[in-house]
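Peer 1: Below are the structure tokens for one structure; questions will follow.
The values are calculated or read from the model by the stated rules, or taken from the named source; none is laboratory data. Keep in mind the model is a prediction, meaning the values are calculated, not measured. With ideal geometry, Cβ positions are generated from the backbone for all residues, glycine too; neighbour counts draw on all protein chains shown. Side chains are part of the model used for accessible areas, which takes the heavy atoms of the whole protein and leaves out ligands, DNA and RNA. Shrake-Rupley method; radii C 1.70, N 1.55, O 1.52, S 1.80 Å.
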Number of protein chains: 2
Amino acid sequence: MPYDPSAFPPFAVTVDLVVLTVRRHSLCALAVRRGESPFQGRWALPGGFVRADEDLSQAAARELAEETGLRAHEPAAPAQDNGAHLEQLATYGDPKRDPRMRVVSVAHLALAPDLPAPRAGGDASNARWAPVEELLQHGGYGRDGEPVAPLAFDHAQILSDGVERARSKIEYSSLATAFCPPEFTVGELRRVYEAVWGVALDPRNFHRKVTGTPGFLVPTGGTTTRQGGRPAQLFRAGGATLLNPPMLRPEV
Amino acid sequence: MPYDPSAFPPFAVTVDLVVLTVRRHSLCALAVRRGESPFQGRWALPGGFVRADEDLSQAAARELAEETGLRAHEPAAPAQDNGAHLEQLATYGDPKRDPRMRVVSVAHLALAPDLPAPRAGGDASNARWAPVEELLQHGGYGRDGEPVAPLAFDHAQILSDGVERARSKIEYSSLATAFCPPEFTVGELRRVYEAVWGVALDPRNFHRKVTGTPGFLVPTGGTTTRQGGRPAQLFRAGGATLLNPPMLRPEV
DNA sequence: GTGTTTATCGTCAAGCAGACGACTATGATC
DNA sequence: GATCATAGTCGTCTGCTTGACGATAAACAC
């Protein structure tokens with residue numbers, strides 16, 4: 001049976017990125033300022049159209065590289081290099097989500113270690129790392145007193161879903177190491193959990209949990225004092241990707 | 001800036017459904033036989049094009065109703081009525097996944113109680129409930145000796161992802177009740193877990209766990225002997241949607 | 001009545017988590 | 001150099017949850 005173009009309505013397909021990192025003890029997301037209508041001048045999640053010959057994950061990795069310079073590695077591969085974790089999040093297709101046309105957006109979630117400065121096509125003033133609470137509180141004010149308008153389109157919903165995915169996934173997987181540099185200390189990993197969950201964790205119990213889980217952390221032999229205080233052992237992420245039993249998120 | 005149709009390539013967007021139920025102590029999925037090329041005569045997951053004015057979840061609910069007659073309720077709503085649980089699963093967009101054209105499919109996962117007979121547009125011979133292992137083992141043979149060809153398109157991958165989602169989600173949520181009728185016994189719920197996980201669970205420990213979790217099960221006051229043996233209390237699903245601590249899936 | 005089936009309650013030991021004391025090793029400050 | 005602050009690491013104790021499993025209860029089949 002030949003292909004009948006009239007049998008289906010045409011859609012534009014985009015990828016949007018929730019890029020999360022931990023900066024100054026708080027969970028931050030990458031936001032870019034829109035240069036075009038609609039929502040011109042408003043902050044939005046980075047993203048763009050999927051090309052005709054591209055897979056969705058390829059498109060997400062390309063957008064991630066364009067916005068941050070990060071290479072992505074697939075969920076299967078371990079976080080050995082300095083690339084970012086990238087996984088599909090969810091797809092958003094409300095008919096009215098883009099006033100111009102029918103757009104279906106496949107959102108992806110990227111987790112990266114603390115990065116230098118963002119770049120959006122070389123224009124730093126149009127991209128920034130912002131604490132997720134700041135991006136999600138509609139009508140509040142940012143650190144510099146600038147009024148924070150709601151994110152463009154349905155990006156607040158997407159960001160919220162991405163944050164929730166990250167919060168729940170570090171419970172039962174070793175994904176939190178994606179926020180860390182290749183070598184890190186137990187304390188640095190704990191501060192990642194504390195920033196993502198917004199809670200304080202007991203350093204002693206945390207240390208016992210992560211070092212007692214086989215395959216989670218592999219000591220590299222080195223130590224560091226970059227956090228001050230007593231030198232801490234350096235670890236790499238081990239091969240284990242699933243934490244069983246999971247890390248328990250304290251009740252809030 | 002006006003809308004420029006040349007700025008993006010057009011896609012067809014479909015929804016595919018992984019409809020799971022528990023029948024005769026085994027996890028089964030709904031499969032339909034394709035009447036058209038490509039993959040004519042092969043089994044596939046039910047699905048169809050998203051209409052021009054439809055949201056993705058609306059399209060999934062419409063397809064579900066067309067194939068099974070089930071009404072869907074959103075994840076937020078409790079499973080009070082006899083509808084099915086429906087949630088978005090993942091999106092598949094490999095450029096070559098459909099040989100005819102560029103199709104992005106937003107797969108959804110539906111969980112339903114054991115149903116009468118399937119109907120695919122009224123044609124029962126072209127729809128069936130099949131154990132998921134049977135649908136996933138490429139080149140095996142079904143119960144009736146009929147050779148089982150691999151599912152069409154990338155539907156084996158989609159089904160596999162849906163089964164894995166269901167298996168993991170009943171660990172930490174009350175989702176297993178979606179496989180049960182509105183009123184059910186602890187034993188029936190246990191057999192759901194056993195079928196989905198493919199393991200045997202201790203009836204006594206299971207009973208202690210589910211009845212000891214506040215808000216998980218609400219006794220209706222009634223009893224039943226439909227399973228034989230001593231009459232069992234009937235329960236409805238309680239308001240709790242998250243199980244904390246989770247039900248532990250035994251190592252296999 | 002006896003046996004079978006399923007449901008439900010109880011017991012016990014092992015393991016894990018939360019609370020928290022104690023000690024160690026560095027840099028900063030006086 | 002002594003003292004202090006900071007951060008890391010090792011233990012201890014208690015309570016809760018789990019897994020294994022014994023025992024009892026209430027139906028049906030014969």
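Peer 1: Kindly sort B:Glu54, A:Glu251, A:Glu171, A:Glu133 by accessible area of their heavy atoms, largest first, with the probe set to 1.4 Å.
Peer 2: I get A:Glu251, A:Glu133, A:Glu171, B:Glu54, largest accessible area first.
Peer 1: Then there's this: Assuming a ≥ b ≥ c are the square roots of the Cα gyration tensor eigenvalues, decide whether the protein assembly as shown counts as rounded (a/c under 1.5), prolate (otherwise, with a/b larger than b/c) or oblate.
Peer 2: oblate
Peer 1: Out of all DSSP beta bridges in chain A, what portion is antiparallel? Express it as a percent rounded to 5.
Peer 2: If I count the DSSP bridges inside chain A, around 70 percent turn out antiparallel.
Peer 1: Where does each of A:Asp53, B:Asp98, B:Asp161 land when they are ordered by accessible area, with a 1.4 Å probe and the largest first? The partial results should precede the final answer.
Peer 2: Working: A:Asp53 115, B:Asp98 10, B:Asp161 50 Å².
Largest accessible area first, the list is A:Asp53, B:Asp161, B:Asp98.
Peer 1: At a threshold of 8 angstrom on Cα-Cα distance, excluding pairs fewer than six apart, so keeping six or more, what relative contact order does chain B reach in percent?
Peer 2: On the way: 455 pairs, mean separation 48.5, N = 252.
Contact order relative to length: 19 percent.
Peer 1: Give, rounded to the nearest 20 debye, the magnitude of the charge dipole that the protein assembly as shown has about its Cα centre when Lys and Arg contribute +1 at Cβ and Asp and Glu contribute -1 at Cβ. Before the final figure, lay out the partial values.
Peer 2: On the way: 54 positive and 58 negative charges, 284 e Å.
In total the dipole reaches around 1360 debye.
Peer 1: With a ≥ b ≥ c the root eigenvalues of the C-alpha gyration tensor of the stretch A:175-237, is it rounded (a/c under 1.5), prolate (a/b larger than b/c) or oblate?
Peer 2: Numbers: a/c = 1.38, a/b = 1.19, b/c = 1.16.
Cα axes put the stretch A:175-237 in the rounded bin.
Peer 1: Show the residues, 5+ positions off or on another chain, whose built amide H is closer than 5 Å to the amide H of B:Leu243.
Peer 2: So B:Leu243 has HN proximity to B:Ser173, B:Ser174.
Peer 1: Using only Cα atoms, locate the centre of the stretch B:188-252 and the centre of the stretch A:1-67, then give the distance between them in Å, rounded to an integer.
Peer 2: Between the Cα centre of the stretch B:188-252 and that of the stretch A:1-67, the gap is 42 Å.
Peer 1: Give the residue from B:Pro182, B:Ala166, B:Phe153 lying farthest towards the positive end of the charge dipole for the stretch B:142-213; charges sit on Cβ (+1 for Lys and Arg, -1 for Asp and Glu) and the dipole is referred to the Cα centre.
Peer 2: It is B:Pro182.
Peer 1: Related question: Would you mind working out the accessible area per residue for the stretch B:175-237, using a 1.4 Å probe, and quoting it in Å²? Working shown, then result.
Peer 2: On the way: 3070 Å² over 63 residues.
In whole numbers, the stretch B:175-237 has 49 Å² accessible per residue.
Peer 1: Now for a separate question. Output the pairs from B:Lys169/B:Lys209; A:Lys169/B:Lys96; A:Lys169/A:Lys209 with a Cα-Cα distance over 27 Å in this structure; if there are none, say none.
Peer 2: On the way: B:Lys169/B:Lys209 17 Å; A:Lys169/B:Lys96 31 Å; A:Lys169/A:Lys209 17 Å.
Distance filter (> 27 Å) returns A:Lys169/B:Lys96.
Peer 1: Using the crude model of +1 on Lys and Arg Cβ and -1 on Asp and Glu Cβ, and no other charge, please compute the dipole size for chain B relative to its Cα centre, in debye to 20. Provide the component values of the computation, followed by the final result.
Peer 2: Numbers: 27 positive and 29 negative charges, 164 e Å.
The calculation lands at about 780 debye.
Peer 1: Please compute, for peptide A:88-96, the average count of beta-carbon atoms on other protein chains lying within 10 Å of each residue's beta-carbon. Before the final figure, lay out each step's value.
Peer 2: Numbers: counts 4, 2, 7, 11, 4, 13, 5, 8, 2.
Rounded to a whole number, the mean comes out at 6.
Peer 1: Which shape class applies to the stretch B:11-102: rounded if a/c is under 1.5, otherwise prolate when a/b exceeds b/c and oblate if not, where a ≥ b ≥ c are the square roots of the Cα gyration tensor eigenvalues? Display every interim value, and only then the final one.
Peer 2: Working: a/c = 2.13, a/b = 1.35, b/c = 1.58.
Oblate, because a/c is 1.5 or more while a/b does not exceed b/c.
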